[in-house]
Every structure is written in structure tokens, then in C-alpha cells.
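Student: Input: one structure, supplied below.
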Amino acid sequence: MIEAVIFDWAGTTVDYGCFAPVQAFIEAFRHFGIEVTMEETRKPMGMLKRDHIRTMLSMDRISAEWLRVRGRAAAEADVEAVYGQFEPKLFSILDRFAAPKPYVTETVARLRDMGVKIGSTTGYTDSMMAVVVPQAARQGYAPDCWFSPDSVGGRGRPYPYMVFENMKALGVSDVKNVVKVGDTVADIKEGVKAGVWSVGVVEGSSEMGLSQAEYEALSDQEQKAARHRTEETFRSAGAHFVIRNLSELPQLVRALGIYPRMY
């Protein structure tokens, strides 16, 4: 049976579309005269934030732009410089991006009724989570435990260690009894590397990159196309399952508790 579901935070359970870190990354790079695109910013989403910046600085276009604007290639010191701009920008807006996404509170309640424990991992640091966790709790979402990259020596996604810390804290007996749910490629890889069931959630994901208003303004055909693109990305990253939104999760968890492991 499934003993625990481990959720990501921004884009999965809170912050529909995962906009808080995106906005802060864009503004942080802009401080150094570098305009980055939404697509470039979202590609490493889910990673430890310094790793996210390091990945962006290594992208061909951003690397070339940094050289053109700054007159030299980006170095490790620049990762810290950009992070130094990113962190205060994120903190200034983080409390406004902690509202639970649709179906989160109902789904968590149903899972708990099924005897499932609720864990969580994140790309945020402990200090960032000190803002998000109480805000989300006041609005009805509080997992049994959470672990950030700070808990595992800075080895965030796609390393599996935050998942293992959740399993230890929750007293889970076997990786096959765990479901990891996330909204980024890094989330999917984290689950795969941990050896647990790895599930991508499409609507409101960072991978889709749309606000709730933007998504709902699309035609049925456009919504379907956006969901398909996101699902294909998750499956290419190794997702065992992809769900449209969290309302579909209890049924999947129930099925996984009945049928034998399929990989």
C-alpha cells in the first residue's frame, strides 16, 4: 500500500503557475543588465536556487549575453552576486504566493482519510520556507513534514536525499510505498532517482507556465494542447504517471496500493 505522498511546493501545492521565483530571477538578472526570458527562467525550476542560477548562467544565450554586457565570462562569484539580488526580491513577494492551488486541501484530507502520510520537498531554502509554510497553513495546507536542500547539505533536486529524509521522518518502510508529486522536470527526476513513484501534475505547473486566469482564458482546444505539451515533457523526464490536477491523485494512490509495482 502507499504509505506517503511527498509533494513539491510552488507550482504543485501553492503558487499556481509558480510565479514568485520566476519574477525574482528575472529581476535579479535584470539588475546586471541581462534580460532573460520566461522559458529560460523556468527550465531549471525546482532546483536549489543557487544551482538554478548556475544553470541559467551556463545557457548559451545567457552566457553570451553576460560576456557582451559584462565584458567577461560569468564565474562562480557571479552566481553569488545574482543570488544576492534574487533572495531579497523573492522575500519581498513570497508571502503573496503561498495560497494553496485548487483541490489541494480536499486532496490532502482524502489522502489522510486513506491513512496516507503527507511529506514535502522544495527548492526553497529553510528561511524561504519560514515564510511560505505558516502562510499556507493559515490557508488550510500543512504537510506532516517538509525538507529543503538545507536539510541535506545543499544537495537539492534532482538528488533524491530530500525524499529519503521525508521517508525517515514519516517512518515509511519501502520506496515502493511512496508517491512523489511535482510540477517540474527536476521534481520528476527527484522521484525517479529516489526509486519512488514519480508523478507530474499539469495544471498550474511551472512547466506549463500559465496563471490560472491565463489558463482559463484559453479555448478548450488550446487548454488541451498546453496540457499535452506539459505531459510530454514530464513523460520524457521519466514520470511514471501524469495527472491533470490534484483531484485525480487519490484515485491513483488507491490504484497503486492495489496493483503490483509496474517498473
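Student: Within the range 81-99, identify whether any single residue is under 20 Å from residue 213 (Cβ atoms) and either of a type in the set (Phe, Trp, Tyr) or open to solvent by 50 Å² or more (accessible area, probe 1.4 Å) (or both), and answer yes or no.
Tutor: Kept after step one, since they are under 20 Å from residue 213 (Cβ atoms), are these residues of the range 81-99: 93, 96-99.
From what's left, either of a type in the set (Phe, Trp, Tyr) or open to solvent by 50 Å² or more (accessible area, probe 1.4 Å) (or both): 96-97.
Looking through the range 81-99, at least one residue is under 20 Å from residue 213 (Cβ atoms) and either of a type in the set (Phe, Trp, Tyr) or open to solvent by 50 Å² or more (accessible area, probe 1.4 Å) (or both).
Student: Do we find a residue being in contact with an Asp or Glu (Cβ under 9 Å, 6 or more places away or on another chain) and over 23 Å from residue 125 (Cβ atoms) anywhere in the range 35-44?
Tutor: Yes, there is a match, as at least one residue in the range 35-44 is in contact with an Asp or Glu (Cβ under 9 Å, 6 or more places away or on another chain) and over 23 Å from residue 125 (Cβ atoms).
Student: Can you name the residue in the range 158-178 that is buried (at least 24 other Cβ atoms within 10 Å of the Cβ) and under 15 Å from the mean Cα position of the chain (by Cα) and is also nearest to residue 147 (Cα to Cα) among such residues?
Tutor: 162
Student: Another question, then. So which residues in the range 11-31 are open to solvent by 10 Å² or more (accessible area, probe 1.4 Å), in contact with a helix residue (DSSP H, G or I) (Cβ under 7 Å, 6 or more places away or on another chain) and in contact (Cβ under 8 Å) with a residue 40 or more places away in the chain?
Tutor: Hits for the range 11-31 are 16, 23, 27, 31.
Student: Another question about this same structure. Pull up the range 68-80, narrow it to residues that are in a loop (DSSP other than H, G, I, E, B) and more than 22 Å from residue 46 (Cβ to Cβ), then point me to the one that is most open to solvent (accessible area, probe 1.4 Å).
Tutor: 72
Student: Continuing with this model, one more query. Does any residue in the range 223-248 that is over 15 Å from residue 208 (Cα atoms) and free of Cβ contacts under 8 Å to residues at least 24 places away in the same chain come within less than 9 Å, Cβ to Cβ, of a residue that is open to solvent by 50 Å² or more (accessible area, probe 1.4 Å) and not in a helix (DSSP H, G or I) six or more places away or on a different chain, and which pairs are these?
Tutor: From residues that are over 15 Å from residue 208 (Cα atoms) and free of Cβ contacts under 8 Å to residues at least 24 places away in the same chain, the pairs are 248/103.
Student: Report the residue count in the range 41-59 for those that are open to solvent by less than 30 Å² (accessible area, probe 1.4 Å) and either in a helix (DSSP H, G or I) or in contact with a Phe, Trp or Tyr (Cβ under 8 Å, 6 or more places away or on another chain) (or both).
Tutor: Matching residues across the range 41-59 total 7.
Student: OK, next. Could you check the range 1-49 and list, in sequence order, the residues that are farther than 26 Å from residue 213 by Cβ and at pLDDT 95 or above?
Tutor: In the first step, residues of the range 1-49 are kept if they are farther than 26 Å from residue 213 by Cβ; the result is 1-6, 31-34, 47-49.
Answer for the range 1-49, where residues must be farther than 26 Å from residue 213 by Cβ and at pLDDT 95 or above: 2, 3, 4, 5, 6, 31, 32, 33, 34.
Student: Next up: Any residue in the range 117-126 that is modelled with pLDDT of 95 or more and open to solvent by 70 Å² or more (accessible area, probe 1.4 Å)?
Tutor: yes
Student: Is it fair to say residue 193 is more than 22 Å from residue 246 (Cβ to Cβ), open to solvent by 30 Å² or more (accessible area, probe 1.4 Å) and not polar (S, T, N, Q)? Full working, then the answer.
Tutor: Values: more than 22 Å from residue 246 (Cβ to Cβ): yes; open to solvent by 30 Å² or more (accessible area, probe 1.4 Å): yes; not polar (S, T, N, Q): yes.
Yes.
The values are calculated or read from the model by the stated rules, or taken from the named source; none is laboratory data. The structure displayed is predicted, hence computed values, not measured ones. Please note: Cβ atoms are built from the backbone with ideal geometry, for glycine as well, and neighbour counts cover all protein chains shown. Accessible surface is based on the protein model in full, side chains and every heavy atom, while ligands, DNA and RNA are left aside. Shrake-Rupley method; radii C 1.70, N 1.55, O 1.52, S 1.80 Å.
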